[in-house]
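Single-structure report; data block below.
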Amino acid sequence: PREPDVGNFTFPVQGIHGSYDLECSLSFPTSHPSIFLRLADFGFLNSAVYQPDDPLQRELALFSNDWQVVHSHRREVLCVSSCDIQDWATWFAFSGKNGTGLENTTILVIRGTKTKLEMIFDLDFWSLQILGIQHLAGRFLVGLGFPYNAFWNSPTLGRCWFRSKRRRYQSILTYLKDLIEKEPHRTIYVSGHSLGGGLAHLVATELQLPAVTLSAPGVVETAGLLGLEPSMLQGTVNVIPHGDPIPANGGTQGGITVPIPCLLGQGPECHRVFNTICMLLRQCGDPRQRDIPCDS
């Protein structure tokens, strides 16, 4: 496949489709009665969290200057004594700056796979659905497939073991529960890209918060294994570019799925956050007329 070219683009205020398509018509309320978020707003924050601290701040200044980081939990490597060694999630809490009208709105963004530790996290947490281990066991592990799947589908053994994996993202649950208790009137969203988006769906379902994600795998089966009610996923929104391999090959999607075209047809490049942002702005427009780096 050809190497993508990268250039900077400024998109029309109205976009190609204006407000007619689903991705353009969706808006999300904030703590301010006249300020609403769009899908691209969540996209910019999801792009920023892949950056180290200084580039993250520069990206916020360029594309999301109404927002600031109020808390972060970085797990780039395994730790020994200064943190919970069982919690492997990297996440950031953003709140609006003073004077923006977004001061009482929080978006907690869970980063997708970037580091070796997060790759281990993915294998440890998502292998049943993303890698299809249950399916493979039934097809190729002669004599082992039935007991393997029986273990995972057991209402006691498999589910009990899987639920213990909630400790991998316990810091997110603790932070949000504390925030909800202290500020019950605050508007809160959970967001994430890729496998971070999958975690966002699970956290939002457990705490009954709205989730807005990009390219997240389906988590209906995982929610069941964690003892959550899959029907509660109806409060989640997931943007899925056409040809993106992660949502296509993951578990069953719950909630609202928002299909959009991909800038480059199909394949891994359709999974990149900024390509998704560029397509959303191309379709729906950009009232702020930002100069955006896009593949072409």
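The values are calculated or read from the model by the stated rules, or taken from the named source; none is laboratory data. Remember, predicted model here, so these are calculated numbers, not experimental data. Note: ideal-geometry Cβ built from the backbone for every residue, glycine included; neighbour counts use all protein chains shown. These accessible areas exclude ligands, DNA and RNA; they are computed on the full protein's heavy atoms, side chains included. Shrake-Rupley method; radii C 1.70, N 1.55, O 1.52, S 1.80 Å.
Suppose we keep only residues that are open to solvent by 20 Å² or more (accessible area, probe 1.4 Å) and at negative phi within region 89-114. Which one would you say is nearest to the chain's Cα centre (by Cα)? Only one residue tops the list, namely 113. Scanning region 54-98 for residues being touching a Cys at 6+ places or on another chain (Cβ under 8 Å) and either among the β-branched types (Val, Ile, Thr) or at pLDDT 95 or above (or both) gives a total of 1. Counting residues in region 174-182 that are open to solvent by less than 10 Å² (accessible area, probe 1.4 Å) and at pLDDT 65 or above gives one or more. Within region 204-217, being crowded, with 24+ Cβ neighbours inside 10 Å and under 15 Å from residue 188 (Cβ atoms) holds for 204, 205, 211, 212, 213. Regarding residue 224, is this residue in contact with a helix residue (DSSP H, G or I) (Cβ under 9 Å, 6 or more places away or on another chain) and either aliphatic (A, V, I, L, M) or within 20 Å of residue 111 (Cβ to Cβ) (or both)? Here the answer is no, as residue 224 does not meet what is asked.
Scanning region 36-62 for residues being among the hydrophobic types (A, V, I, L, M, F, W, C), buried (at least 16 other Cβ atoms within 10 Å of the Cβ) and part of a helix (DSSP H, G or I) gives a total of 8. Of note, residue 254 satisfies the criterion of being at negative phi and in contact with a Leu (Cβ under 7 Å, 6 or more places away or on another chain). Going through (1) in a loop (DSSP other than H, G, I, E, B); (2) open to solvent by less than 60 Å² (accessible area, probe 1.4 Å) one by one, residue 33 falls short only on (2). Looking only at residues of region 10-30 that are among the hydroxyl-bearing types (Ser, Thr, Tyr) and open to solvent by 60 Å² or more (accessible area, probe 1.4 Å), we find that the one that is nearest to residue 194 (Cα to Cα) is 27.
Would you please list the contacts, defined by Cβ atoms under 6 Å and residues six or more apart or on different chains, that run from a residue in region 225-250 that is within 18 Å of residue 278 (Cβ to Cβ) and basic (Lys, Arg) to a residue that is at pLDDT 85 or above and assigned to a helix (DSSP H, G or I)? Here the result reads none, with nothing in region 225-250 linked to a residue that is at pLDDT 85 or above and assigned to a helix (DSSP H, G or I).
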